[in-house]
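This report concerns only the one structure given below.
The values are calculated or read from the model by the stated rules, or taken from the named source; none is laboratory data. What you see is a predicted model, and the numbers here were worked out from it, not measured in a lab. Don't worry about glycine lacking a Cβ; one is built from the backbone with ideal geometry, like all the others, and counts go over all protein chains shown.
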Amino acid sequence: MSGFGHNSGAAWETEELFAEHRDSLMRYLRRHLDDQSVAEDILQECFIRFFQTRSRGEEIDQPRAWLFRVSHNLLIDHGRKSRPDLLDEEGWERLEGQMAGGNQGLEARLQLSSLPWDRLTELELECLRLRSEGLKFREVGEVLGLTISTVASYIARAVKKLQEPEKREAPERGRTATTR
């Protein structure tokens with residue numbers, strides 16, 4: 001009968017977390033995917049895995065970070081199977097339009113669309129995406145397998161790159177600061 005107790009507690013905990021984090025996880029997934037149904041499938045798989053893990057009695061210290069990490073890993077798995085449409089400038093505009101309203105939303109969209117996103121490496125961009133979902137540096141690090149100081153460094157570098165006036169042609173995506 002103790003297995004049933006684990007399952008009912010895991011079910012309750014999963015429902016609570018689903019209600020609390022569904023929207024932010026879906027926004028994160030939709031930033032990476034244009035297909036709503038694929039995003040919903042990944043979200044469902046993420047919560048199924050959470051339920052299964054908790055049903056086995058395994059502890060999850062940081063459930064929110066765990067959910068984002070599993071979502072991130074499922075996105076990578078999906079990308080290996082069929083290359084997803086990653087967020088481009090239009091995606092950022094669409095996201096900002098959903099998040100902001102009225103003239104402020106329009107101003108934010110115009111400002112975001114004019115930023116030189118191609119200057120950022122994939123990791124810098126991913127750190128910003130996760131941070132924009134409200135994850136703390138520690139949680140971003142847990143999702144991406146990085147230390148807090150590395151996350152802080154990537155975010156600081158990304159912000160600096162986005163604020164720099166355009167001096168020369170932007171480096172290729174994925175290029176590191178050490179290769180010039």
(request) Could you run through the stretch 115-145 and say how many residues are assigned to a loop (DSSP other than H, G, I, E, B), free of Cβ contacts under 8 Å to residues at least 12 places away in the same chain and surrounded by 15 or more Cβ atoms within 10 Å (Cβ to Cβ)? (result) 1
(request) Output the residue which, of all residues in the stretch 131-173 that are of a type in the set (Lys, Arg) and over 29 Å from GLU20 (Cα atoms), is modelled with the highest pLDDT. (result) ARG157
(request) Quick one: count up the residues across the stretch 14-61 that are exposed (fewer than 14 other Cβ atoms within 10 Å of the Cβ), in contact (Cβ under 8 Å) with a residue 40 or more places away in the chain and under 23 Å from LEU146 (Cα atoms). (result) 0
